[in-house]
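Student: One structure is given below, represented as structure tokens, and several questions about it will come after.
The values are calculated or read from the model by the stated rules, or taken from the named source; none is laboratory data. All values reported here derive from a predicted model rather than from experimental measurement. Virtual Cβ from ideal backbone geometry, glycine too; neighbours counted across all protein chains shown. Heads up: the accessible areas ignore ligands, DNA and RNA and are worked out on the full protein's heavy atoms, side chains in. Shrake-Rupley method; radii C 1.70, N 1.55, O 1.52, S 1.80 Å.
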Amino acid sequence: MNLPKYILGDNTDYPNAIYVIHTEFPRFVINLEDDEVEWLEEFDKEDEKEIENEMENLIQEATDFYDREVKRYDE
């Protein structure tokens, strides 16, 4: 199965939370309500440095994806 790079998620137990799931390496879930990130990967020291450098870009991509999806719902 081919998954899209980003998927929107929600949960009625957390009505204010908006989740974006990133399905490619490094896999993570971000809660756009508070920008909390849950990584779904184990990183070695080398990966951690690379991820730290890329984290801002990944979060921006996730936010842009959400904005694009919301805009499409409003059309």
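Student: Got a number for residues in the range 39-72 being acidic (Asp, Glu) and within 9 Å of the chain's Cα centre (by Cα)?
Tutor: Count: 1.
Student: Would the range 24-44 turn up any residue that is closer than 23 Å to ASN2 by Cβ and touching a His at 6+ places or on another chain (Cβ under 7 Å)?
Tutor: Within the range 24-44, one or more residues are closer than 23 Å to ASN2 by Cβ and touching a His at 6+ places or on another chain (Cβ under 7 Å).
Student: Here's something else I'd like to know. Among residues belonging to the range 9-30 that are in contact with a helix residue (DSSP H, G or I) (Cβ under 8 Å, 6 or more places away or on another chain) and farther than 17 Å from ARG68 by Cβ, point out the one that is surrounded by the fewest Cβ atoms within 10 Å (Cβ to Cβ).
Tutor: Looking at the filtered set, the residue picked out is PRO26.
Student: Here's another thing I want to ask about it. Within the range 37-74, how many residues turn out to be under 16 Å from LEU8 (Cβ atoms) and of a type outside the set (A, V, I, L, M, F, W, C)?
Tutor: Result for the range 37-74: 12.
Student: Within the range 31-45, which residues are part of a loop (DSSP other than H, G, I, E, B), under 18 Å from TYR66 (Cα atoms) and open to solvent by 50 Å² or more (accessible area, probe 1.4 Å)?
Tutor: Selection gives GLU33, ASP34, ASP35.
One line per residue, one yes/no per condition, for (1) open to solvent by 80 Å² or more (accessible area, probe 1.4 Å); (2) out of contact with any helix residue (DSSP H, G or I) (no Cβ under 7 Å at 6 or more places or on another chain); (3) in a helix (DSSP H, G or I); (4) not aliphatic (A, V, I, L, M):
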{"position": "ASP47", "(1), (2), (3), (4)": "no, yes, yes, yes"}
{"position": "ILE51", "(1), (2), (3), (4)": "no, yes, yes, no"}
{"position": "MET55", "(1), (2), (3), (4)": "no, yes, yes, no"}
{"position": "LEU58", "(1), (2), (3), (4)": "no, yes, yes, no"}
{"position": "LYS71", "(1), (2), (3), (4)": "yes, yes, yes, yes"}
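Student: Determine, yes or no, whether ASN2 is open to solvent by 60 Å² or more (accessible area, probe 1.4 Å) and assigned to a loop (DSSP other than H, G, I, E, B).
Tutor: Considered against the rule, which asks whether it is open to solvent by 60 Å² or more (accessible area, probe 1.4 Å) and assigned to a loop (DSSP other than H, G, I, E, B), ASN2 comes out as yes.
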